[in-house]
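Undergrad: Shown below is the structure under consideration.
What follows draws every value from the coordinates through simple rules; no lab data is involved. Computed from a prediction, not measured in an experiment: that's the story for all the values here. Heads up, the Cβs are rebuilt from the backbone with ideal geometry, glycines too, and the neighbour counts pull from every protein chain shown.
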Amino acid sequence: MEKTNMNFRKKGLIGVISLAIILIGGFTMYQQLYKTASPTEPTEATSPATAFSHLSYYHEGNLERYNAYQEENQEMSVEDIVTHVNMGIDKEFYSEDPITVEDPDALTVLVNKVYAFPDNWEPTDLVVVDDFRGQSLRKEAAEAFQAFNAACNEQGFSIYVHSGYRSASFQQEIYDNMINTYGEEYTDKYISRPHQSEHQTGLSVDVSIDGMDYNDLASNPYYSWFYDHLADFGFILRYPENKEALTGYHYESWHIRYIGKEESRKVLDSGLTYDEYMARQ
């Protein structure tokens, strides 16, 4: 009888221990599940920044804007979400005060409908590149344009600077005249505001071929050769076709921009507009 009671006590003790193990295990599992699901302690996989932060051009300060822009453009890739916000085109052009560029003297400086030159800035190394029209460019751009023209001459045609450097005051005159004629909405589509014009860089050129109207440049029989060799001399086409939403400007076959041979080749190889390319640096 005593032996039977002892066996019963052993079985009871084993049962209690087994139940304790089951309860402890269940509680531990509950803790893990709760911790995983808790909205107050997000894991790396659920962090709002994770979708963007792996990109080299991600900026932590833009996270809220990335999320908002993605919500509005759910079909867009993560790369384009971050790029567009970095460009500032998650907002309407000219809807806010422009951002002043930090290094206006840089050959790669970006000015557009989001970025502007500081007040009173102008290039200090301008040289006349076209004696007939009296057009000027910064020295390095002028030398590159002349070398490009020499190469064009070997192909049987010449390129001319229809419009080169423009001061902010001259750009203001152009802008005001367009406003008076066509109104602000139309003008802002086609004409840069003062301090936000590519021409103020002293690195941009509106080109004509053999004296042909620059507006008809793309129809010139030599245009294909001209376009294909831009990067060989450090130039890019600044406002490509069908990229208005990105650049803020309609296609301008005649508007080229000097940024140097190395950078122009990188932009060409990227397949991006210059605005997108700079947003990814």
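Undergrad: Going by a ≥ b ≥ c, the root eigenvalues of the Cα gyration tensor, does region 55-97 fall in the rounded group (a/c under 1.5), the prolate group (a/b larger than b/c) or the oblate group?
TA: Oblate shape, in that a/c is at least 1.5 and b/c is the bigger or equal ratio.
Undergrad: Check each of the trypsin sites (Lys or Arg not before Pro) in region 193-281 and keep only those in coil by DSSP with at most 16 other C-beta atoms within 10 angstrom; list them in order.
TA: R280
Undergrad: Can you compute 3J(HN,Hα) from phi for each residue in region 210-217, using the Karplus curve 6.51 cos²θ - 1.76 cosθ + 1.60 with θ = phi - 60°, rounded to whole Hz and x for Gly and Pro?
TA: 6, x, 5, 3, 4, 5, 9, 4
Undergrad: Could I ask something else about it? Taking H as built 1.01 Å from N, whose amide H comes closer than 5 Å to the amide H of G202, not counting residues under 5 places away?
TA: R166
Undergrad: Right, next: So, R0 is 22 Å and r is the distance between the beta-carbons of D125 and Q172; what FRET efficiency does that work out to, to 0.05?
TA: Working from the Cβ atoms, E equals 0.45.
Undergrad: List, in the order given, every pair from K91/K266; K243/K266; K113/K261; K91/K113 whose Cα-Cα distance in the structure shown is over 22 Å.
TA: From K91/K266; K243/K266; K113/K261; K91/K113, over 22 Å: K91/K266; K113/K261.
Undergrad: Specify whether the C-alpha gyration tensor of region 170-226 places it in the rounded, prolate or oblate class, a ≥ b ≥ c being the square roots of the eigenvalues: rounded for a/c under 1.5, otherwise prolate if a/b is larger than b/c and oblate if not.
TA: Judged from the Cα gyration tensor, region 170-226 comes out prolate (a/c at least 1.5, a/b above b/c).
Undergrad: With θ set to phi - 60°, apply the Karplus curve 6.51 cos²θ - 1.76 cosθ + 1.60 along region 269-275 and write out the HN-Hα couplings as whole Hz, x wherever there is a Gly or Pro.
TA: Couplings: 5, 6, x, 9, 5, 5, 4 Hz.
Undergrad: Among the aspartates and glutamates, select those whose C-alpha is under 14 Å from the C-alpha of K139, and discard any that sit fewer than 8 residues away in the same chain.
TA: Excluding near neighbours in sequence, the set is D105, E122, D125, D130.
Undergrad: Separation between the S53 and E71 pseudo-spin-labels, each 7 Å from Cα along Cα→Cβ, expressed in nm?
TA: The answer from the label model is 2.1 nm.
Undergrad: How large is the dipole of region 180-241 about the Cα centre if only Lys and Arg carry +1 and Asp and Glu carry -1, each at its Cβ, rounded to the nearest 20 debye?
TA: 180 debye
Undergrad: Can you give the extra length, in nm with one decimal, that the chain gains between N215 and Q155 once fully stretched, where that is 0.36 nm per residue apart less the Cα-Cα distance?
TA: Working: separation 60, 0.36 × 60 = 21.60 nm, distance 2.16 nm.
Value of the extension gain: 19.4 nm.
Undergrad: Go through region 198-281 and name the chymotrypsin sites (Phe, Trp or Tyr not before Pro) that are in a DSSP coil and have 16 or fewer other Cβ atoms within 10 Å of their Cβ. Write down the numbers at each step before the final one.
TA: On the way: sites: Y214, Y222, Y223, W225, F226, Y227, F233, F235, Y249, Y251, W254, Y258, Y274, Y277; in loops: Y222, Y249, Y251, W254.
Hits after loop and neighbour filter: Y251.
Undergrad: Can you list which of the GluC sites (Glu not before Pro) found in region 186-280 are DSSP loop residues with at most 13 other C-beta atoms within 10 Å?
TA: For GluC sites (Glu not before Pro) across region 186-280 that sit outside H, G, I, E and B with at most 13 neighbouring Cβ atoms in 10 Å, the list reads E241.
Undergrad: I'd like the distance separating the alpha-carbon centroids of region 58-72 and region 215-281, in whole Å.
TA: 28 Å
Undergrad: Further question on the same structure: Please list, by residue number, everything in region 48-69 whose backbone N is under 19 Å from a paramagnetic label point 7 Å out along Cα→Cβ of R280.
TA: Once the point is set 7 Å along Cα→Cβ of R280, 51-60, 66 turn out to lie under 19 Å by backbone N, inside region 48-69.
Undergrad: Stretch K91-K266 to full length: gain in nm at 0.36 nm per residue minus the Cα-Cα span?
TA: Computed gain between K91 and K266 is 60.3 nm.
Undergrad: Over region 151-276, calculate the relative contact order: mean separation of alpha carbon pairs under 8 Å at least 6 apart, over the residue count, as a percent.
TA: Once normalised by length, the contact order is 24 percent.
Undergrad: Based on the alpha-carbon gyration tensor of region 98-279 and its eigenvalue square roots a ≥ b ≥ c, which shape applies: rounded if a/c is under 1.5, prolate if not and a/b is larger than b/c, or oblate? All intermediate terms of the calculation are to be shown ahead of the outcome.
TA: Values: a/c = 1.36, a/b = 1.31, b/c = 1.04.
Rounded shape, in that the Cα axes give a/c under 1.5.
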